[in-house]
Amino acid sequence: MRLFPIARTALFAIEAEKAHRLTIRALKALPASAPRHDPRLAVRLAGLTFPSPVGLAAGVDKDGEVPDAFLSLGFGFAEIGTLTPLPQIGNPKTRLFRLPEDRAVINRMGFNNGGQAAALARLAKRPRKGIVGVNVGANKDATDRIADYETGVRAMAPVADYLTINISSPNTPGLRALQEAAALDELLSRALDARGEAGPPVFLKVAPDLAPADIDAIAKVVVDRKVDALIVSNTTIERPNLRSAHAGETGGLSGAPLKSLALERLRDFRTATGGAIPLIAAGGIASGADAYARIRAGASLVQLYTALVYEGPLLARRIARELVALLERDGHASITQAIGTETGA
Ligand SMILES: Cc1cc2nc3c(=O)[nH]c(=O)nc-3n(C[C@H](O)[C@H](O)[C@H](O)COP(=O)(O)O)c2cc1C
């Protein structure tokens, strides 16, 4: 896997979505192994013990084909999905674009996935080792979108260590409207009812494109409804100073240009929730220093996707190693001691 620079050149010569499919297929051949995690990196959240705070973000393994391969590569947890109740083909191709000069990606996949039943059957066969979260969404043509989230929660709870309610994809028209306070309150009330007393923890994933009033309103609802954690954030529809040829494509932007916006939103949500809810950071994380900055800003865990495209499969391990060095530098005995230590934000 030290051959990644060569593999990357080959993969980058192929259309992005095809290269992604090839990668998933290659990972199916990866022998399962139990990675060793530094005990200082363990984080307890929502009743789960995450062996490392570095997780795989949703969208990489939408259908739950290879979660254990990602765990073998050193991720502390893997989030599969977004899965919708019914299979759907997503938006017309081409819908995934690399922006190499910006270390970024734009996607307008539109929740292409094989549906919850197929993923359920696949996941039911895997040994329950390592933390696998299931991210659920609504079908594009659903008449009652909230009902789709209830369906997803009920269907996937038996195989999920946690569930994520994703209302922040920019690629399903109108989906982000569920972030509006009244709609969000109804959504969470119904989804948490569907989860029941004994079900897995439920996380909510939000967009970075929110005004201060939206952030306060969302924070109030998630605290009142006792959501187990908030994932900040999904991709952005903003286009901050991009240089690559595909900068003008419609869709969600991820990777390096999202980094400062996602960090800013994390800080906003920390302030708005007053620390009442654990936070999970995503958006432009590509190094131990990036992950550490989010942890210091209040995140208990981090997730990444786009940096994997540019840095390769050993990235989770490298970030874990760099995090341990940063803990030692700052005299922390464990990662939990570093959470929220940033001051003056
Ligand atoms: C190609 C692609 C597909 C994605 N699909 C999903 C998805 O299905 N559900 C979801 O919640 N997030 C999805 N995301 C968003 C990522 O999970 C993550 O929140 C975002 O990309 C920011 O992290 P990053 O900068 O490390 O990529 C997708 C991102 C990309 C690049």
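The values are calculated or read from the model by the stated rules, or taken from the named source; none is laboratory data. What you see is a predicted model; the values in this text were computed from it and never measured. For neighbour counting, all protein chains shown are included, and Cβ atoms are generated from backbone atoms with ideal geometry for every residue, glycine included. Side chains are part of the model used for accessible areas, which takes the heavy atoms of the whole protein and leaves out ligands, DNA and RNA. Shrake-Rupley method; radii C 1.70, N 1.55, O 1.52, S 1.80 Å.
Would you please state which residues of the stretch 177-215 a label at ASP224 would reach in this model, taking the label point 7 Å out along Cα→Cβ and a backbone N cut-off of under 12 Å? Residues 181-189 fall inside that zone.
Positive end of the dipole of the chain (Cβ unit charges, origin at the Cα centre): among LEU192, LEU71, THR84, the Cα lying farthest that way belongs to LEU71. Here the chain is assigned +1 on the Cβ of each Lys and Arg and -1 on the Cβ of each Asp and Glu. Its dipole about the Cα centre then comes out at about 1100 debye. Karplus-based coupling profile of the stretch 290-303, in residue order and whole Hz: 4, 5, 5, 4, 5, 5, 5, 7, x, 7, 8, 9, 10, 9, with θ = phi - 60° in 6.51 cos²θ - 1.76 cosθ + 1.60 and x standing for Gly or Pro. In terms of distances greater than 27 angstrom between alpha carbons, the cross-link table entries LYS28/LYS140; LYS205/LYS259; LYS62/LYS129; LYS62/LYS259 yield LYS28/LYS140. Couplings for the stretch 59-71, taken from phi via the Karplus curve 6.51 cos²θ - 1.76 cosθ + 1.60 with θ = phi - 60°, read x, 6, 10, 4, 9, x, 7, 9, x, 6, 5, 5, 5 Hz in order; Gly and Pro are left as x.
Just the protein heavy atoms count here, and of the accessible area of the stretch 133-216 at 1.4 Å, carbon and sulfur take up 51 percent. Highest average first, the peptides 124-135, 22-33, 270-281 ordered by how many other beta carbon atoms sit within 10 Å of their residues are 270-281, 124-135, 22-33. At a probe radius of 1.4 angstrom, the accessible area of the chain per residue rounds to 42 square angstrom. Dipole size of the stretch 140-191 about its Cα centre, with +1 on Lys/Arg Cβ and -1 on Asp/Glu Cβ: approximately 100 debye, rounded to the nearest 20. Comparing Cα centroids, the stretch 1-46 and the stretch 210-245 end up 27 angstrom apart.
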